[in-house]
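The structure appears below as structure tokens.
Values in this text are rule-based calculations from the coordinates and carry no lab data. Please read these numbers as outputs of a predicted model, since none were measured by experiment. Using ideal geometry, Cβ is built from the backbone for each residue, glycine included, and neighbour counts are taken over all protein chains shown.
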Number of protein chains: 2
Amino acid sequence: MTVEQLTEEERGSWLRGLTGWSLARDGKAIVRSFEFADFSEAFAFMTRVAMIAETRDHHPEWSNVYNRVEITLTTHDASGLSLRDVKMARKIDALLG
Amino acid sequence: MTVEQLTEEERGSWLRGLTGWSLARDGKAIVRSFEFADFSEAFAFMTRVAMIAETRDHHPEWSNVYNRVEITLTTHDASGLSLRDVKMARKIDALLG
């Protein structure tokens with residue numbers, strides 16, 4: 001499936017609505033770091049993100065060190081950032097209440 | 001808790017017993033990459049590793065991209081590699097059957 005990459009104007013407009021996320025990889029991805037009380041909380045969060053990822057068939061590139069999780073979202077089918085990343089970021093943010 | 005760092009001789013000796021793991025960060029860590037059929041399998045594996053990590057109170061530095069998982073083990077309390085990393089690597093390997 002081909003997915004349309006966001007234009008630079010769209011990127012700016014969508015990103016303004018996403019708190020905590022910033023552009024990475026020359027605007028081809030968005031990234032956010034999350035910090036939790038401990039590993040258990042961090043991994044619980046990751047498990048919920050994994051469910052979202054699997055449901056949407058859109059998977060993050062992410063890393064975890066103890067209580068910290070860093071998530072990078074990009075759309076390989078668009079060779080950059082697409083609306084799927086923005087929607088996924090919103091879903092992830094919604095987990096934090 | 002202070003944990004003793006492995007000597008260079010011990011490192012070599014223990015590592016020979018660990019298939020697939022290699023030294024990283026100037027011998028201060030060991031790293032291994034795992035590949036699975038898909039994200040679901042990769043995350044199922046990560047969940048089992050998370051249980052081991054929490055039980056042993058020894059947590060990996062790790063990343064995941066779709067079906068790939070990269071795990072780095074190091075012991076902060078030893079400022080390098082300790083027997084805890086070697087034992088943890090064995091536990092992780094045992095998950096793969």
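Within the stretch A:32-48, none of the residues are polar (S, T, N, Q), part of a strand (DSSP E or B) and buried (at least 17 other Cβ atoms within 10 Å of the Cβ). Among the residues of the stretch B:22-42, is any facing chain A (nearest Cβ under 9 Å) and within 13 Å of the chain's Cα centre (by Cα)? No: the stretch B:22-42 contains no residue that is facing chain A (nearest Cβ under 9 Å) and within 13 Å of the chain's Cα centre (by Cα). If you go through the stretch B:43-81 and keep only what is more than 10 Å from every other protein chain (Cβ to nearest Cβ), within 13 Å of the chain's Cα centre (by Cα) and of a type in the set (V, I, T), you end up with B:I52, B:V69, B:I71, B:T74, B:T75.
Yes or no, residue by residue, for (1) surrounded by 14 or more Cβ atoms within 10 Å (Cβ to Cβ); (2) touching a residue at least 60 places away in the same chain (Cβ under 8 Å); (3) β-branched (V, I, T); (4) in contact with a Cys (Cβ under 8 Å, 6 or more places away or on another chain):
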| position | (1), (2), (3), (4) |
| --- | --- |
| A:S13 | no, no, no, no |
| A:I30 | yes, no, yes, no |
| A:V65 | yes, no, yes, no |
| A:T75 | yes, yes, yes, no |
| A:K91 | yes, no, no, no |
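Per this entry, B:R84 is counted among residues that are among the basic types (K, R), touching a residue at least 12 places away in the same chain (Cβ under 8 Å), more than 15 Å from B:S22 (Cβ to Cβ) and away from every other protein chain (no Cβ under 14 Å).
When B:I52 is tested against (1) closer than 16 Å to B:S22 by Cα; (2) not in a strand (DSSP E or B), exactly one condition is not met: (1).
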